[in-house]
Amino acid sequence: MQRNGTDEQRGFTLWFTGLSGAGKTTIAEIVEKELRERGRPVEVLDGDIVRTNLSKGLTFSREDRNINVLRIGFVANLLTRAGVGVIVSAISPYKEARDQVRRRIVDFVEVFVDVPLEVAAERDVKGLYKKAFAGEIEQFTGVSDPYEAPAAPDLVLKTNEETPEESARKVIEKLEFFGYLWTPSPDTEYNWSNR
Ligand code: ADP
């Protein structure tokens, strides 16, 4: 969509779901930077951070994980309605809670950050897979708890087949395609080839 000078840009929730270590946070950071450079108001809701405040005290049981996702969705919805570009990166392993959030937030873009379990485990960004495979962490997604892959996400990113920058670019293009971001015209300073 090209800018016509009068339209306001709509808020949206960009929801990254996937295994721990799939690349949600890495891609979210690149997209956040890009959106800020384009002058968009942006807020990030990161699952790990939310669990230290908004969802402090919740466990990793199915019920608590769903409560966590619904809380994130509640905040994301308020911000989205206020015109903010909201980026959520949370494992959000269960379909029922994701779908509930999706139904509530009108402007919702679901991104499945898809990586084989072996690759995420090999990356082991936080050292958690080692512990999970040793039986030291109960209810660890992908190892001792299920991850229910989205059936019809808006975008699938195979992070073992592309770089974080390539993944982020696909996200930005999807936001442009849906009309949440203006396509940069040739005379704007912003240019992918500058990267
Ligand atoms: P998550 O937030 O899903 O738990 P992180 O973003 O913390 O995952 O970690 C993902 C790791 O995978 C990082 O070390 C990152 O550099 C690496 N990685 C490799 N390729 C990609 C890619 N295409 N997208 C995102 N991360 C990638």
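Computed values, structure above
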quantity: Listing of helices (runs of 4 or more DSSP H) fully contained in the stretch 116-179 that carry 2 or more residues being more than 26 Å from Thr13 (Cα to Cα); calculated: 117-123, 128-133
quantity: The stretch 77-104, residues that are in contact with a Lys or Arg (Cβ under 9 Å, 6 or more places away or on another chain) and part of a loop (DSSP other than H, G, I, E, B); calculated: Gly83, Val84, Ala90, Ile91, Ser92, Pro93, Tyr94
quantity: Near pairs, Cβ below 7 angstrom, 6+ apart or cross-chain, from the stretch 146-164 (among the aromatic types (Phe, Trp, Tyr)) to any residue that is surrounded by 14 or more Cβ atoms within 10 Å (Cβ to Cβ); calculated: Tyr147/Leu19; Tyr147/Pro93; Tyr147/Thr141
quantity: Hits in the stretch 1-14 (condition: modelled with pLDDT of 95 or more and either within 13 Å of the ligand (Cβ to nearest atom) or of a type in the set (Gly, Ala, Ser) (or both)); calculated: Gly11
quantity: Pick from the stretch 134-173, criterion within 30 Å of Thr59 (Cβ to Cβ) and β-branched (Val, Ile, Thr), ranking: nearest to the ligand (Cβ to nearest atom); calculated: Thr159
quantity: Close pairs (6 angstrom Cβ cut-off, 6 or more residues apart or separate chains): at pLDDT 95 or above in the stretch 63-76, in a helix (DSSP H, G or I) and not hydrophobic (A, V, I, L, M, F, W, C) anywhere; calculated: none
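Rundown of residues vs (1) farther than 17 Å from Val88 by Cβ; (2) at pLDDT below 95; (3) of a type in the set (D, E, K, R), yes/no style:
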residue	(1), (2), (3)
Lys131	yes, no, yes
Ala134	yes, no, no
Asp154	no, no, yes
Lys158	yes, no, yes
Glu165	yes, no, yes
Tyr180	no, no, no
Thr183	yes, yes, no
Thr188	yes, yes, no
Asn194	yes, yes, no
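Quick grid of which residues meet (1) in a loop (DSSP other than H, G, I, E, B); (2) within 13 Å of the ligand (Cβ to nearest atom); (3) under 20 Å from Gly142 (Cα atoms):
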{"site": "Phe16", "(1), (2), (3)": "no, yes, yes"}
{"site": "Thr25", "(1), (2), (3)": "no, yes, yes"}
{"site": "Val31", "(1), (2), (3)": "no, yes, no"}
{"site": "Val44", "(1), (2), (3)": "no, yes, no"}
{"site": "Ile49", "(1), (2), (3)": "no, yes, no"}
{"site": "Ser55", "(1), (2), (3)": "yes, no, no"}
{"site": "Asp64", "(1), (2), (3)": "no, no, yes"}
{"site": "Ile67", "(1), (2), (3)": "no, no, yes"}
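The values are calculated or read from the model by the stated rules, or taken from the named source; none is laboratory data. What you see is a predicted model, and the numbers here were worked out from it, not measured in a lab. Don't worry about glycine lacking a Cβ; one is built from the backbone with ideal geometry, like all the others, and counts go over all protein chains shown.
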